[in-house]
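Worksheet: one structure, shown below.
The values are calculated or read from the model by the stated rules, or taken from the named source; none is laboratory data. Not measured: the values here are computed from a predicted model. Cβ sites come from the backbone with ideal geometry, for glycine too, and all protein chains shown count toward neighbours.
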Amino acid sequence: MTQPNDLLPEGLEDRLPLEAARITAAMRACLDVLDAHGYDRVRPPLLEFEASLAGRMAGAEPGEARAMFRFVDPASLRTLALRSDMTPQVGRIASTSLKGAPRPLRLAYCGDTVLIAASQLDPARERLQLGAELIGADSVAAASEAVMLAIEALKAAGLTGISVDFTLPDLVDTLSAAAFPLGADQIEAVRRELDTKDAGGLKAAGGAAYLPLLYATGPFDSALAALRDVDAGGALKSRLEGLTRIAAHIGDAARITLDPTERHGFEYQTWFGFTLYAEGLRHAAGRGGTYRIAGSDEPATGFTLYLDRLADAAPQPSPARVVWLPLGHDRQAASQLRGEGWRTVAQLAEDEDPATLGCDHVLDAGSVRALQDRGA
């Protein structure tokens, strides 16, 4: 019977064995891909001083720094915060402990993050975040590596129907500098109306010249052609060439779309951003792009995958072979079986039933037999 104190807070949930197995399998598969491509894993702490963590979240999504749980550390009497994003922590590590490491520096990470409050569209307040950061490079080559690495990781986790949506986070800044001038007080309003795809609001904000950008979206080739028509005076030439090269690097590994005015989730990215989707997922599978590390201003490129979401579409791992170990079993033989990939369940009491406990084989006189062959 459930007791009142057994209830979990809103936005938090238990992961039961089948779901936990999918998440674990996806995590292992993704981390193996990152490791194979030369990304070394780091493990920053769950807690940091609030001033340090919030200071490195400059440019993050609005309110994200304020969404962290805070409390006073009894040891230092300073305010601590539970991380809501691991990317700033990786930036801190790269700028401090690994400041002298050769660049480009490839780092991977995986860990839990928590929020005081989540959005209505995604009410989860605890997330398992996995990602990779290429420190010291934000070039086309770096962006191409990051996108392909993310796609490969998703495929290794068992996801299918993968698509990538490109965006240009600094599009308005670039165009407003010369091609389509805007006043300092207009830039943010134009960004907002482009992001919401509001043609009327865009005109009212003084961004009539930006209206064609609303229609430069969709499948990559057609959207890019429409964006080239907007490129007054060649202001976007280098960026469009960069997008073309990244798309060529991806090839047919994923479906590619382009939405150059998308800003949600790309508040701190610089010239390139991308969102990953997969068949069977209601929300994005991940997000990445180029950025500058807050505090050091070092260029970087990276991505984050949301493992909790991936579990909704990731396949269930194949059930392991489970061997029942009767009372008084051969412990050396059992150890050898585990080394060969079997799972073992040891009998603890006379009245235990191996089939009920999920076993399909039994260790009998040093040999493995199917339960029915033993007459169990």
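Report yes if some residue within the range 287-305 is of a type in the set (A, V, I, L, M), closer than 30 Å to GLN120 by Cβ and in contact with a helix residue (DSSP H, G or I) (Cβ under 7 Å, 6 or more places away or on another chain); otherwise report no. So that I can check it myself, show each step before the final result.
Of the residues in the range 287-305, the ones of a type in the set (A, V, I, L, M) are 293-294, 300, 305.
Those still in the list that are closer than 30 Å to GLN120 by Cβ too: 294, 305.
Within this subset, residues satisfying the condition of being in contact with a helix residue (DSSP H, G or I) (Cβ under 7 Å, 6 or more places away or on another chain) are 294, 305.
Scanning the range 287-305 turns up at least one residue that is of a type in the set (A, V, I, L, M), closer than 30 Å to GLN120 by Cβ and in contact with a helix residue (DSSP H, G or I) (Cβ under 7 Å, 6 or more places away or on another chain).
So which residues in the range 298-317 are of a type in the set (D, E, K, R) and either more than 16 Å from ILE93 (Cβ to Cβ) or within 16 Å of the chain's Cα centre (by Cα) (or both)?
If we filter the range 298-317 for residues that are of a type in the set (D, E, K, R), which is where we start, we get 298, 308-309, 312.
Result: ASP308, ARG309, ASP312.
Given the conditions (1) in a loop (DSSP other than H, G, I, E, B); (2) surrounded by 13 or more Cβ atoms within 10 Å (Cβ to Cβ), and given that LEU31 satisfies all but one, which numbered condition is not satisfied?
That leaves (1) as the condition not met.
Scan the range 282-307 for residues that are charged (D, E, K, R) and buried (at least 19 other Cβ atoms within 10 Å of the Cβ) and report the count.
Step one: list which residues in the range 282-307 are charged (D, E, K, R), which gives 282, 287, 292, 297-298.
When the remaining residues are screened for being buried (at least 19 other Cβ atoms within 10 Å of the Cβ), the result is 287, 298.
Qualifying residue count, the range 282-307: 2.
Can you find even one residue in the range 302-316 that is within 19 Å of ALA146 (Cα to Cα), assigned by TED's automatic domain parsing to the domain that holds LEU98, polar (S, T, N, Q) and modelled with pLDDT of 95 or more? Walk me through it before giving the result.
Initial filter on the range 302-316 (within 19 Å of ALA146 (Cα to Cα)): 302-307, 310.
This time we only want the ones that are assigned by TED's automatic domain parsing to the domain that holds LEU98, so: 302-307, 310.
Right, trim to polar (S, T, N, Q) and you get 304.
The next check asks that each one be modelled with pLDDT of 95 or more; those that pass are 304.
Looking for residues that are within 19 Å of ALA146 (Cα to Cα), assigned by TED's automatic domain parsing to the domain that holds LEU98, polar (S, T, N, Q) and modelled with pLDDT of 95 or more, one finds at least one in the range 302-316, hence yes.
To keep it simple, each residue is scored yes or no on (1) within 22 Å of the chain's Cα centre (by Cα); (2) buried (at least 21 other Cβ atoms within 10 Å of the Cβ); (3) in a helix (DSSP H, G or I).
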{"position": "LYS203", "(1), (2), (3)": "no, no, yes"}
{"position": "LEU214", "(1), (2), (3)": "no, no, yes"}
{"position": "ALA226", "(1), (2), (3)": "no, no, yes"}
{"position": "ASP229", "(1), (2), (3)": "no, no, yes"}
{"position": "PRO260", "(1), (2), (3)": "yes, yes, no"}
{"position": "HIS264", "(1), (2), (3)": "yes, no, no"}
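Can you find, within the range 127-177, the residue that is farthest from GLY11 (Cα to Cα) among those that are charged (D, E, K, R) and in a helix (DSSP H, G or I)? Reasoning before the result, please.
From the range 127-177, those charged (D, E, K, R) are 127, 133, 138, 145, 152, 155, 165, 170, 173; that's our starting set.
With in a helix (DSSP H, G or I) added as a condition, the list becomes 145, 152, 155, 173.
Values: GLU145: 34, GLU152: 30, LYS155: 28, ASP173: 37 Å.
Here the residue is ASP173.
Out of the range 231-243, which residues are part of a helix (DSSP H, G or I) and under 14 Å from TRP271 (Cβ atoms)?
Of all residues in the range 231-243, those part of a helix (DSSP H, G or I) come to 232-234, 237-243.
Selection gives LYS237, SER238, ARG239, LEU240, GLU241, GLY242, LEU243.
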